[in-house]
Amino acid sequence: MATGTEVVSDNGHGCCKKGPGYATPLEAMSGPRESLIYVTCVYSGTGIEKPDYLATVDIDPNSPTYSKVIHRLPMPNIGDELHHTGWNSCSSCHGDPSAARRYLILPSLISGRIYAIDTLKDPRAPSLHKVVEPADIINKTGLAYPHTSHCLASGDVMVSCLGDKDGNAKGNGFLLLDSEFNVKGRWEKPGHSPMFGYDFWYQPRHNIMISSSWGAPAAFTKGFNLQHVSDGLYGRHLNVYSWPNGELKQTLDLGDTGLLPLEIRFLHNPSKDTGFVGCALTSNMVRFFKTPDGSWSHEVAISVKPLKVQNWILPEMPGLVTDFLISLDDRFLYFVNWLHGDVRQYSIEDPKNPVLKGQVLGLGG
């Protein structure tokens with residue numbers, strides 16, 4: 001799945017007003033262009049016994065080192081498999097002048113470690129600030145396989161974890177770290193863990209958080225096996241939680257059209273009650289939305305047709321939708337077909353009826 005990439009202005013802040021980030025998504029869209037990008041780089045599956053590292057890339061077109069890797073920060077351990085990334089604070093804390101978007105959070109999917117990286121001392125050469133060890137997480141919460149991290153308005157950091165130390169999906173849930181990156185406990189209430197974990201996002205004005213479902217670590221860490229889908233080791237559900245109370249209110253079964261729902265995004269407008277989730281195996285973009293009675297429902301918004309192929313594991317190759325983004329003005333949705341090797345742009349000004357507007361072909365996987 002996709003590794004993590006984060007962008008930042010060269011002074012380490014997204015904005016100079018009050019707290020971190022911007023007051024609104026549209027204000028962020030009109031802000032200064034980013035000059036640096038941070039990319040996680042992993043050695044998993046290569047046979048190279050080296051630690052994963054965080055690369056800093058110069059993306060300022062006026063810089064003499066434009067488009068070059070200007071720094072590499074190796075992790076202190078081998079075999080982490082850095083994955084998604086997040087910040088310690090963001091626009092949720094915009095009104096708090098004491099908050100700073102300083103630390104980049106790097107969960108390690110396989111080792112279970114979580115790294116906090118200081119990007120403020122020297123944005124062009126980030127440094128390791130703290131390591132949250134897996135033993136501490138397991139002993140206090142039972143959680144392992146950390147995946148997605150999001151900053152909260154409280155100053156805490158929330159991390160989805162995909163299983164227990166033995167790779168069982170039934171042990172998954174949501175980890176809370178305090179502002180000093182100490183383990184606080186689980187976010188969800190006892191007995192309210194989802195069947196499978198992966199990504200999540202919250203929409204506070206609707207008092208809701210929705211998470212997606214990948215699979216059991218005991219299955220996906222051995223490589224993808226289609227039989228494991230039939231065996232029930234991979235997910236097809238969205239989990240609807242009350243925010244910030246952590247009660248599982250509803251489970252949406254996406255059926256055979258929504259196998260392996262991965263990245264999930266609400267529209268950026270905090271008043272909107274709709275969003276999308278990319279379903280990898282079935283290559284559908286599913287829209288979820290609030291109904292008039294207050295419950296949540298879903299529908300397939302975009303379908304990518306498979307390609308007929310030869311000398312592959314199946315006679316037809318799905319697009320395999322992995323990561324996607326929504327533009328800050330909520331006009332466009334961009335997603336990657338990892339197996340087909342293309343990137344698509346859809347107009348979502350009418351979220352019920354996305355329209356293909358652009359496509360870049362021939363990129364490879």
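The values are calculated or read from the model by the stated rules, or taken from the named source; none is laboratory data. Since this is a predicted model, take the numbers as computed values, not measurements. In this analysis, Cβ positions are derived from the backbone assuming ideal geometry, glycine residues included, and neighbour counts consider all displayed protein chains.
Can you give me the number of residues within region 65-97 that are farther than 22 Å from PRO204 by Cα and of a type outside the set (A, V, I, L, M)? Give the derivation first.
So the first thing to find is which residues in region 65-97 are farther than 22 Å from PRO204 by Cα, and the list is 65-84.
Among the residues that remain, those that are also of a type outside the set (A, V, I, L, M) are: 65-68, 71-72, 74, 76-77, 79-81, 83-84.
Qualifying residue count, region 65-97: 14.
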#### Entry: Contacts under 8 angstrom Cβ, first residue in region 57-72 being closer than 16 Å to ALA125 by Cα, partner at pLDDT below 95 and surrounded by 12 or more Cβ atoms within 10 Å (Cβ to Cβ), 6 or more apart
ILE59/VAL7; ILE59/GLU34; ASP60/ASP10
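Which ones in region 121-167 are among the acidic types (Asp, Glu) and outside any helix (DSSP H, G or I)?
Of all residues in region 121-167, those among the acidic types (Asp, Glu) come to 122, 133, 136, 156, 164, 166.
Passing the criteria: ASP122, GLU133, ASP156, ASP164, ASP166.
When you go through GLY95, GLY173 one by one, which is the residue that is modelled with pLDDT of 95 or more and not hydroxyl-bearing (Ser, Thr, Tyr)?
Numbers: GLY95 fails: modelled with pLDDT of 95 or more.
It is GLY173.
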### Task
For region 122-140, state whether one or more residues are touching a Pro at 6+ places or on another chain (Cβ under 6 Å) and in contact (Cβ under 8 Å) with a residue 12 or more places away in the chain.
no
### Task
Just name the residue that is surrounded by the fewest Cβ atoms within 10 Å (Cβ to Cβ) out of those in region 281-294 that are out of contact with any Asp or Glu (no Cβ under 9 Å at 6 or more places or on another chain) and either within 14 Å of THR257 (Cβ to Cβ) or not assigned by TED's automatic domain parsing to the domain that holds ASN353 (or both).
LEU281
### Summary
Residues of region 201-232 being within 22 Å of VAL157 (Cα to Cα), part of a strand (DSSP E or B) and in contact (Cβ under 8 Å) with a residue 40 or more places away in the chain, in sequence order, are TRP201, TYR202, GLN203, ILE208, ILE210, SER211
### Query
Do you know which residues across region 43-66 are of a type outside the set (D, E, K, R) and surrounded by 11 or more Cβ atoms within 10 Å (Cβ to Cβ)?
TYR43, SER44, PRO51, TYR53, LEU54, ALA55, THR56, VAL57, ILE59, SER63, THR65, TYR66
